[in-house]
Amino acid sequence: MKKYLFCLCLVLFMGCEEKEADPYAKVVAFAAAFADAYFNMDFTKARGMVAPEDVKWLRFMASNVTQEDVDLLNAQEEGATAEAEGYERLDDSTLVVTMCVRNYLVKDSLGAAAGMADEGRFRFVVVERGGDYKVRMEGLPRSERQSRD
């Protein structure tokens with residue numbers, strides 16, 4: 001009987017042992033959701049995801065979207081997609097998440113025709129404020145590397 005009890009305790013102990021989950025998975029998923037909203041030009045959704053002082057960058061981007069940009073986006077078979085590639089922890093409340101974004105609109109300069117990029121790498125700073133996550137923007141997101149059609 002003691003042998004069975006020991007085996008049962010051992011099985012229960014081993015069954016309760018979990019692999020340690022990534023403690024920042026929620027933050028990384030938040031950054032991916034922001035990138036998805038931003039690059040699909042859902043600025044209403046993205047607005048709730050940025051720090052209040054950075055809403056100005058979303059307003060700036062939204063004010064520079066032309067009908068040609070919208071038509072180009074609508075002509076695509078699928079929207080932009082974002083996938084996290086990694087992150088760097090800066091301090092207890094700040095992470096920099098590196099994202100691979102595919103099939104997104106590129107606006108090189110005002111007045112110039114926009115185009116579609118196959119893939120680009122972006123870094124988003126995510127901070128925790130009062131239990132909520134917010135993306136910090138010090139300007140419009142710029143690709144570290146991009147490939148165009």
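Express in Å², to the nearest 10, the accessible area of GLU88 obtained by rolling a 1.4 Å probe over the protein heavy atoms while all chains stay in place.
90
Roughly how far apart, in whole Å, are the Cα centres of the stretch 73-140 and the stretch 39-66?
Each part reduced to its Cα centre gives a spacing of 12 Å.
Report the gain in length on full extension from GLU83 to ARG123: 0.36 nm times residue separation, minus Cα-Cα distance, nm rounded to one decimal. Mind showing how you got there, number by number?
Working: separation 40, 0.36 × 40 = 14.40 nm, distance 1.15 nm.
Answer, rounded to one decimal: 13.2 nm.
Which FRET efficiency value, to the nearest 0.05, is calculated for ASP69 and ALA25 with the Förster distance at 35 angstrom and r the Cβ-Cβ distance? Could you put the intermediate results ahead of the total?
Working: r = 33 Å, r/R0 = 0.95.
My answer for the efficiency is 0.60.
Classify the stretch 53-93 as rounded, prolate or oblate, taking a ≥ b ≥ c as the square roots of the eigenvalues of its Cα gyration tensor: rounded when a/c is under 1.5, otherwise prolate if a/b is larger than b/c and oblate if not. Display every interim value, and only then the final one.
Working: a/c = 5.86, a/b = 1.53, b/c = 3.83.
Oblate shape, in that a/c is at least 1.5 and b/c is the bigger or equal ratio.
Evaluate the distance, in nm, between pseudo-label points positioned 7 Å from the Cα of THR94 and of GLU53 along their respective Cα→Cβ axes.
Reported label-point gap for THR94 and GLU53 is 1.1 nm.
The values are calculated or read from the model by the stated rules, or taken from the named source; none is laboratory data. No experiment lies behind these values; they were computed from the predicted model shown. Every residue, glycine as well, gets a Cβ built from its backbone with ideal geometry; the counts of neighbours run over all protein chains shown. Ligands, DNA and RNA are stripped out before the accessible areas are found, and what is left, the full protein with its side chains, is counted by its heavy atoms. Shrake-Rupley method; radii C 1.70, N 1.55, O 1.52, S 1.80 Å.
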